[in-house]
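Here's the structure we're looking at; comments come further down.
The values are calculated or read from the model by the stated rules, or taken from the named source; none is laboratory data. These numbers come from a predicted model, not from an experiment. When we count neighbours, we look across all protein chains shown, and the Cβ atoms used for this are built from the backbone with ideal geometry, even at glycine.
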Amino acid sequence: MSARAAVVLPASMLRRPPQLAPSWELQTEVVVVGAGAAGLSAALAAAAGGRRVLLLTKGALGSGATALAQGGMAAVVDPADCSDRHVHDTLAAGGGLCDPGTVRDLVHAAPAELARLRALGATFDHDPHRPDTLALTREGGHSHRRIVHAGGDATGAEVDRALVAELRRSAVQVLEHVVALDAIRDSEGTVVGLSVACVEQTGRLDPGVVLAQAVVLATGGLGQAWAATTNPAGATGDGQGLALRAGAEIRDIEFVQFHPTVLWRGPGARGRQPLISEAVRGEGAVLVDATGQRVMAGVHRLGDLAPRDVVAAAMHRRMAEARGGVSTHLFLDATGLGAALLQRRFPTVLALCRTAGVDPVREPIPVAPGAHYACGGVTADLSGRTGVRGLFAVGETASTGVHGANRLASNSLPEALLAGRRAGELLAAQLPSGREPVVFPAGPTPPAGSRAATAVATSRWAGVVRSTAGLQRLLDHLGDPAATGPVEATLETVEAAALHTVSTMVCLAALARQESRGCHRRSDAPEPSPHGAWHVTLQLEEDRLQIGSRARDHAA
Ligand SMILES: Cc1cc2nc3c(=O)[nH]c(=O)nc-3n(C[C@H](O)[C@H](O)[C@H](O)COP(=O)(O)OP(=O)(O)OC[C@H]3O[C@@H](n4cnc5c(N)ncnc54)[C@H](O)[C@@H]3O)c2cc1C
């Protein structure tokens with residue numbers, strides 16, 4: 001389909017972070033925002049190429065999603081596997097919206113990213129029967145065992161440990177508990193720095209400015225916009241909002257993957273919830289309802305290991321039937337795996353369940369889908385280049401064409417590592433040059449509603465299954481002037497504004513996508529469009545927010 005006419009709305013519907021008069025200033029060549037796999041890789045590569053690099057993170061090192069990753073990293077390392085199959089599986093999961101060239105690039109580069117981590121000292125699990133061979137597991141949508149893991153189900157912690165150890169050996173300057181607020185641009189729109197703030201222990205902010213020739217956004221995902229999520233507390237979509245305000249294009253942000261098996265801890269559970277890795281199903285666990293009936297039987301040829309969008313939608317349907325009188329959750333039956341395998345392969349999952357009073361060795365685990373992964377984001381290539389000079393986006397913040405309408409499990413860590421490293425190398429080779437920053441005035445902090453209220457409304461109206469009527473109600477809620485919140489400049493205020501922006505972007509894009517595709521499901525448009533796959537885009541031009549669409553992108 002060709003480009004559709006854009007809908008234009010006033011930019012005032014977006015909440016900005018506080019605009020504060022700075023009390024301090026730093027200068028560097030490259031500033032990287034975020035200390036997950038993507039940000040660490042970017043900072044290390046730029047510093048290795050001789051750049052002065054400053055890395056900011058609003059939490060402590062290790063507080064992003066990277067350290068929480070359980071299942072592993074997808075890479076073709078088994079001689080019986082092949083790249084074409086990994087490419088095929090990624091495209092099949094992506095619902096027609098992946099960029100095939102970008103997918104091929106990632107698949108061919110993933111084994112080298114794994115080798116880079118191992119050279120840095122990361123240790124991955126080996127096959128107990130063939131100690132010189134990496135152990136491989138399967139996850140949803142993969143046609144072959146190709147997921148490399150560490151510490152059983154603690155892959156991300158090992159990836160993070162190895163990268164942070166290298167960071168400590170490097171010349172990168174690190175500032176923890178510093179939050180990026182907005183881009184600073186020159187008169188031609190080139191990004192030349194950031195307004196930032198140190199987060200004091202009380203949550204209050206000490207504002208400052210970082211001037212740099214390149215800004216790399218590696219701020220991760222946006223799962224906190226939903227009431228139940230696997231994402232860490234800081235996953236509030238700050239980078240996606242910042243990039244939009246800086247003039248970058250946001251693409252396909254309505255595609256939020258809901259992980260099928262998030263531990264269900266009661267109807268009032270809010271914020272980050274424990275994840276039950278898909279690899280548990282990869283080893284044989286099955287989804288059942290309260291009457292013990294299999295959920296995925298007859299739904300998809302891959303059964304319980306169908307792509308996540310398919311499993312989450314099937315769960316949503318079964319929960320609506322309320323079989324056995326239970327409509328809030330289903331169960332993951334892992335009792336057939338046995339205590340020894342559960343203990344060896346899934347020590348993290350076992351500990352999380354037992355802390356919540358569930359013993360997976362003896363009883364099915366209560367589970368429900370939860371917001372997990374942002375498939376869309378800031379339009380960028382696999383070197384982080386956005387449409388805005390001086391601004392780069394890598395990792396979960398970016399939309400590179402790898403994930404399309406639905407990410408294939410365990411493709412995100414390789415993507416974050418690859419795009420981060422390439423962005424760093426690009427900036428080591430050449431820096432964009434900007435002019436004098438345009439000073440922007442300090443202003444009052446606008447109310448953005450309470451974080452919890454936004455998340456509950458987003459879950460209710462922009463969850464696994466959506467409709468025009470529901471999304472319209474969400475938009476009304478977000479625009480409600482009565483939804484006032486904290487107006488003092490604190491981390492809470494900043495994150496509430498970021499979440500408001502995320503929910504608004506997701507809602508507008510979901511309204512524009514009047515079809516069901518990948519992890520965007522509409523009860524009032526249950527089929528994919530007969531006109532083929534297209535991107536939904538959002539862009540700010542002066543004081544107008546444009547929501548547009550165009551045919552699927554193809555990398556050269
Ligand atoms: C529970 C869980 C399990 C997962 N399991 C897997 C898996 O097995 N395999 C896989 O491939 N993927 C998995 N994923 C997804 C994967 O972990 C993430 O997509 C990936 O780690 C993202 O890396 P990142 O570097 O882009 O962001 P993150 O690792 O999330 O890092 C974001 C960083 O940005 C910082 N930040 C955010 N906003 C600001 C701001 N305004 N100012 C300053 N700093 C900021 C944060 O503090 C953090 O340091 C999982 C995700 C979760 C939540």
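Within the group ALA269, ALA233, ALA243, which residue is part of a loop (DSSP other than H, G, I, E, B), closer than 27 Å to PRO414 by Cα, of a type in the set (A, V, I, L, M, F, W, C) and within 16 Å of the ligand (Cβ to nearest atom)? Matching residue, one of ALA269, ALA233, ALA243: ALA233.
Just one residue in the set VAL196, VAL174 is at negative phi, more than 9 Å from the ligand (Cβ to nearest atom) and among the β-branched types (Val, Ile, Thr); that residue is VAL174.
To keep it simple, each residue is scored yes or no on (1) loosely packed, with under 14 Cβ neighbours inside 10 Å; (2) within 11 Å of the ligand (Cβ to nearest atom).
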| site | (1), (2) |
| --- | --- |
| CYS98 | no, no |
| HIS126 | yes, no |
| GLY152 | no, no |
| VAL159 | no, yes |
| ARG169 | yes, no |
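With respect to the conditions (1) in contact (Cβ under 8 Å) with a residue 40 or more places away in the chain; (2) buried (at least 21 other Cβ atoms within 10 Å of the Cβ); (3) over 18 Å from VAL199 (Cβ atoms), ALA35 lacks only one, and its number is (3). Contact map, the range 279-301: first residue in contact (Cβ under 8 Å) with a residue 60 or more places away in the chain, second residue assigned to a helix (DSSP H, G or I) and of a type in the set (Lys, Arg), Cβ cut-off under 7 Å, separation 6 or more or different chains; pairs are GLU283/ARG345.
For the range 343-354, filtering for residues that are over 18 Å from GLY282 (Cβ atoms) and either touching a Cys at 6+ places or on another chain (Cβ under 6 Å) or touching a residue at least 24 places away in the same chain (Cβ under 8 Å) (or both) leaves 0.
The requirement of being within 12 Å of the ligand (Cβ to nearest atom) and under 20 Å from ARG116 (Cα atoms) is satisfied by GLY395. The set of residues in the range 75-118 being in a loop (DSSP other than H, G, I, E, B), touching a strand residue (DSSP E or B) at 6+ places or on another chain (Cβ under 9 Å) and closer than 19 Å to VAL159 by Cβ consists of ALA75, VAL77. Considering the range 219-230, the residues that are out of contact with any strand residue (DSSP E or B) (no Cβ under 6 Å at 6 or more places or on another chain) and assigned to a loop (DSSP other than H, G, I, E, B) include one that is farthest from PRO17 (Cα to Cα), namely ALA227. In the set (1) farther than 20 Å from GLY518 by Cβ; (2) surrounded by 21 or more Cβ atoms within 10 Å (Cβ to Cβ), GLY357 fails one condition alone, (2). When the residues of the range 7-47 are filtered to those that are aliphatic (A, V, I, L, M), out of contact with any helix residue (DSSP H, G or I) (no Cβ under 7 Å at 6 or more places or on another chain) and in a helix (DSSP H, G or I), the one that is modelled with the lowest pLDDT is ALA11.
Assess whether THR236 counts as being over 17 Å from ARG407 (Cβ atoms), crowded, with 24+ Cβ neighbours inside 10 Å, out of contact with any Gly (no Cβ under 7 Å at 6 or more places or on another chain) and of a type in the set (Val, Ile, Thr).
Details: over 17 Å from ARG407 (Cβ atoms): yes; crowded, with 24+ Cβ neighbours inside 10 Å: yes; out of contact with any Gly (no Cβ under 7 Å at 6 or more places or on another chain): yes; of a type in the set (Val, Ile, Thr): yes.
Considered against the rule, which asks whether it is over 17 Å from ARG407 (Cβ atoms), crowded, with 24+ Cβ neighbours inside 10 Å, out of contact with any Gly (no Cβ under 7 Å at 6 or more places or on another chain) and of a type in the set (Val, Ile, Thr), THR236 comes out as yes.
Counting only strands (runs of 3 or more DSSP E) that fall entirely inside the range 320-409 and contain at least 1 residues that are modelled with pLDDT under 95 and touching a strand residue (DSSP E or B) at 6+ places or on another chain (Cβ under 8 Å), the qualifying elements are 365-374. Scanning the range 119-149 for residues that are under 16 Å from LEU40 (Cβ atoms), of a type in the set (A, V, I, L, M, F, W, C) and assigned to a loop (DSSP other than H, G, I, E, B) turns up LEU120, ALA122. Between ALA180, ALA197, the distinction of being modelled with pLDDT of 95 or more, within 20 Å of the chain's Cα centre (by Cα) and not in a helix (DSSP H, G or I) belongs to ALA180 only. The combined condition, being in contact (Cβ under 8 Å) with a residue 12 or more places away in the chain, farther than 19 Å from PRO232 by Cβ and more than 20 Å from the chain's Cα centre (by Cα), is fulfilled by ALA80.
Among the residues of the range 277-303, the ones that are in contact with a Lys or Arg (Cβ under 8 Å, 6 or more places away or on another chain) and modelled with pLDDT of 95 or more come to 8 in all.
When we screen ALA351, ALA290 for residues that are surrounded by fewer than 24 Cβ atoms within 10 Å (Cβ to Cβ) and over 29 Å from GLY151 (Cα atoms), the only hit is ALA290.
Look at (1) more than 9 Å from the ligand (Cβ to nearest atom); (2) within 19 Å of LEU40 (Cβ to Cβ); (3) part of a loop (DSSP other than H, G, I, E, B) and you find that VAL210 fails only one, number (3).
The residues in the range 111-127 that are touching a helix residue (DSSP H, G or I) at 6+ places or on another chain (Cβ under 9 Å), without any contact (Cβ under 8 Å) to a residue 12 or more places away in the chain and within 10 Å of VAL148 (Cα to Cα) can be counted, and the count is 0.
The condition of being crowded, with 24+ Cβ neighbours inside 10 Å and touching a strand residue (DSSP E or B) at 6+ places or on another chain (Cβ under 8 Å) holds for only one of LEU211, LEU205, that being LEU205. Here THR90 meets each of (1) out of contact with any Asp or Glu (no Cβ under 8 Å at 6 or more places or on another chain); (2) crowded, with 23+ Cβ neighbours inside 10 Å; (3) closer than 27 Å to GLY247 by Cβ with one exception, condition (3).
Exactly one residue among LEU26, LEU14, LEU20 is among the aliphatic types (A, V, I, L, M), within 15 Å of ASP238 (Cα to Cα), surrounded by fewer than 24 Cβ atoms within 10 Å (Cβ to Cβ) and out of contact with any Leu (no Cβ under 6 Å at 6 or more places or on another chain), and that residue is LEU14.
Scoring VAL87 on the criteria (1) under 17 Å from the mean Cα position of the chain (by Cα); (2) modelled with pLDDT of 95 or more leaves a single failure, condition (1).
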